[in-house]
Amino acid sequence: MHCFKHQEAIAVGVCCGCLKGLCANCVVDHSNFITCDRPECQESANIARELIKQAPQTNVITNKVLRKAVVVDLIVGLIFLFAVVVAFSIEGTFGPICAAFSGMSIVFIIYGVISLLKIHKYPEIKNK
Ligand SMILES: [Zn+2]
Ligand SMILES: [Zn+2]
């Protein structure tokens, strides 16, 4: 690929705004990414930088959502598990109702465990 301004120059990177090739002279370095020097691409660079700054905040929100999901899923799972016991004691046999409830219970508990495992990927970053 070649620089979009200098046809003879080999591109060293691609602008994150317009996805055009940039030579070493045209690259504007934003430390996490590069852009060309056009104003609209500078503008997208500023927006991108803001989004990167907000990333820890997103982590905290995801972390909270997952924690809530774990609690809800495990509670619902236990309710279904309890329903299995109740249905079993009423019917006196492990019938289709028991099977359905235990299936639901397992599904919710698995969801709860998956959310629990995901929490580690979104650590709650405390403000220093
Ligand atoms: Zn650009
Ligand atoms: Zn160039």
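The values are calculated or read from the model by the stated rules, or taken from the named source; none is laboratory data. Quick caveat: nothing in here was measured; it's all calculated off a predicted structure. A quick note on method: Cβ atoms are made from the backbone with ideal geometry, for glycine too, and the neighbour counts reach across all protein chains shown.
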Report summary line: Note on segment 6-24: residues free of Cβ contacts under 8 Å to residues at least 12 places away in the same chain and either in contact with a helix residue (DSSP H, G or I) (Cβ under 9 Å, 6 or more places away or on another chain) or near ligand 1 (Cβ under 10 Å from one of its atoms) (or both) are LEU19
Query raised in the report: In segment 25-41, which residues are surrounded by 12 or more Cβ atoms within 10 Å (Cβ to Cβ) and without any contact (Cβ under 8 Å) to a residue 24 or more places away in the chain?
Result: CYS26, VAL27, VAL28, HIS30, PHE33, ILE34, THR35, ASP37, ARG38
Requested in this report: Name the residue, out of CYS26, CYS41, that is within 16 Å of ligand 2 (Cβ to nearest atom) and part of a helix (DSSP H, G or I).
Outcome: CYS41
**Report entry** Selected residue [modelled with pLDDT under 95, part of a helix (DSSP H, G or I) and either surrounded by 15 or more Cβ atoms within 10 Å (Cβ to Cβ) or more than 29 Å from the chain's Cα centre (by Cα) (or both)] from ASN46, ASN63
**Finding:** ASN63
